[in-house]
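Working notes, structure below.
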Amino acid sequence: MSNQQYEMAANGGERPSAKLLYVTAARYDTDWHSTMHSHYFSEFIYVLHGQGRFLVENTVLDIKENDLVIVNPHVEHTETSLKDHPLEYIVLGVDNVIFTFDPLGAASSYRLYHYQEQASQMNWYLKTMLREVENKALYHEVVCQNLLEVMIIHMMRLANFTLSVVSSRRLRSVSSSAKRFIDDHFKEAVTLQELADELHVGKFHLIHSFTEDYGISPINYLIARRVEESKTLLKTTDLNIAKIASFTGFSSQSYFSQCFRRLSGFTPNEYRRIMRMKVED
């Protein structure tokens, strides 16, 4: 007989910092009025039945059964239903986290996931939470909080996205909007004044808010995003350094090389050589 014991951390191990604010069951009826709105927290919208459209900022998404939309804080959104296939869905309000959906850590506004093979498990998480809050069973809030954390971990394993642990209650709308704008436009020639004008705020207010919320100035974050993108191009293409500098928004090759070395500790050519040696090994 063999026996293998696995020790657990005394404190229970690291947990997602997400806090469940509410669980809501909704059905889209004819008297429902769709109005664009936003929250200081994130929302999960999971479709149980029906078909419709999800409007987020300037994008329209077709949604159907077993689709999950995650919307980050301060992002305007709403939903509409097809008349013959009314939407039924569960909504979770989730505080204390901002979701990033790519390996570079860009905090996009939203993401749509289509769950097919995992639909039964996602349904179980959400319907169990709903049943707990409806029945107000003993410790139902604890059960729902734990189910949320397990569900998020399950989703992270499936979908390769990370959680940025920034309190969405503290995160100001201007900071969140600035970060999303940089993530969407970092390859373009963006100045601090243009960013402030785009958001209709003063330049110094933008710097103060962004730095306090994210721990980095907006311009340094812009440079970091460009450097991260350039790493991908250095690893996966044969483009010369001048081309990569231009494609990622740097004004010159020398400035690109200077920023790259400051943030990575290597010149672009050194980084490319090291990455290729790792692949060959």
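Which ones in the range 49-67 are of a type outside the set (Val, Ile, Thr) and either at pLDDT 95 or above or more than 25 Å from Ala18 (Cβ to Cβ) (or both)? Spell out how you get there, then give the answer.
Filtering the range 49-67 for residues of a type outside the set (Val, Ile, Thr) gives 49-55, 57-58, 61-62, 64-67.
Within the range 49-67, His49, Gly50, Gln51, Gly52, Arg53, Asn58, Asp62, Lys64, Glu65, Asn66, Asp67 qualify.
What tally of residues in the range 77-90 results from selecting those that are surrounded by 19 or more Cβ atoms within 10 Å (Cβ to Cβ) and in a strand (DSSP E or B)?
Let us first name the residues in the range 77-90 that are surrounded by 19 or more Cβ atoms within 10 Å (Cβ to Cβ), namely 77, 79, 81, 87, 89-90.
Next cut, in a strand (DSSP E or B) only: 77, 79, 81, 89-90.
Number satisfying all stated conditions: 5.
Quick one: Val165 ticks every box in (1) open to solvent by 80 Å² or more (accessible area, probe 1.4 Å); (2) of a type in the set (A, V, I, L, M); (3) at pLDDT 85 or above; (4) within 22 Å of the chain's Cα centre (by Cα) bar one, so which box is it?
Val165 satisfies every listed condition except (3).
Taking the options Lys231, Lys235, Lys179, name whichever one is open to solvent by 60 Å² or more (accessible area, probe 1.4 Å), assigned to a helix (DSSP H, G or I), under 20 Å from Leu263 (Cα atoms) and basic (Lys, Arg).
Working: Lys231 fails: open to solvent by 60 Å² or more (accessible area, probe 1.4 Å); Lys179 fails: open to solvent by 60 Å² or more (accessible area, probe 1.4 Å).
Going through Lys231, Lys235, Lys179 in turn, just one is open to solvent by 60 Å² or more (accessible area, probe 1.4 Å), assigned to a helix (DSSP H, G or I), under 20 Å from Leu263 (Cα atoms) and basic (Lys, Arg): Lys235.
Can you confirm whether Glu188 is within 23 Å of Asn58 (Cα to Cα) and open to solvent by 20 Å² or more (accessible area, probe 1.4 Å)?
On the way: within 23 Å of Asn58 (Cα to Cα): yes; open to solvent by 20 Å² or more (accessible area, probe 1.4 Å): yes.
For Glu188, the condition - within 23 Å of Asn58 (Cα to Cα) and open to solvent by 20 Å² or more (accessible area, probe 1.4 Å) - is met.
I'd like the residue in the range 19-36 that is at pLDDT below 90 and surrounded by 13 or more Cβ atoms within 10 Å (Cβ to Cβ) and, out of all such residues, is nearest to Thr128 (Cα to Cα).
Going through the range 19-36, the residues at pLDDT below 90 turn out to be 26-36.
Among the residues that remain, those that are also surrounded by 13 or more Cβ atoms within 10 Å (Cβ to Cβ) are: 26-28, 32, 34.
Details: Ala26: 15, Arg27: 18, Tyr28: 21, Trp32: 26, Ser34: 27 Å.
Once the filter is applied, the top-ranked residue is Ala26.
Is there any pair linking a residue in the range 187-200 that is part of a loop (DSSP other than H, G, I, E, B) to one that is open to solvent by 70 Å² or more (accessible area, probe 1.4 Å), with Cβ under 8 Å and at least six apart or on different chains, and which?
Here the result reads Lys187/Phe247; Ala189/Ser251, each pair linking the range 187-200 to a residue that is open to solvent by 70 Å² or more (accessible area, probe 1.4 Å).
For Phe260, all conditions in the list (1) within 22 Å of Phe181 (Cβ to Cβ); (2) under 27 Å from the mean Cα position of the chain (by Cα) hold save one; what is the number of the exception?
(1)
The values are calculated or read from the model by the stated rules, or taken from the named source; none is laboratory data. All values derive from a computational prediction rather than experimental measurement. As a convention, Cβ positions derive from the backbone with ideal geometry for all residues, glycine included, and neighbour counts pool all protein chains shown. We work out accessible area using only protein heavy atoms, side chains counted, and drop any ligands, DNA or RNA first. Shrake-Rupley method; radii C 1.70, N 1.55, O 1.52, S 1.80 Å.
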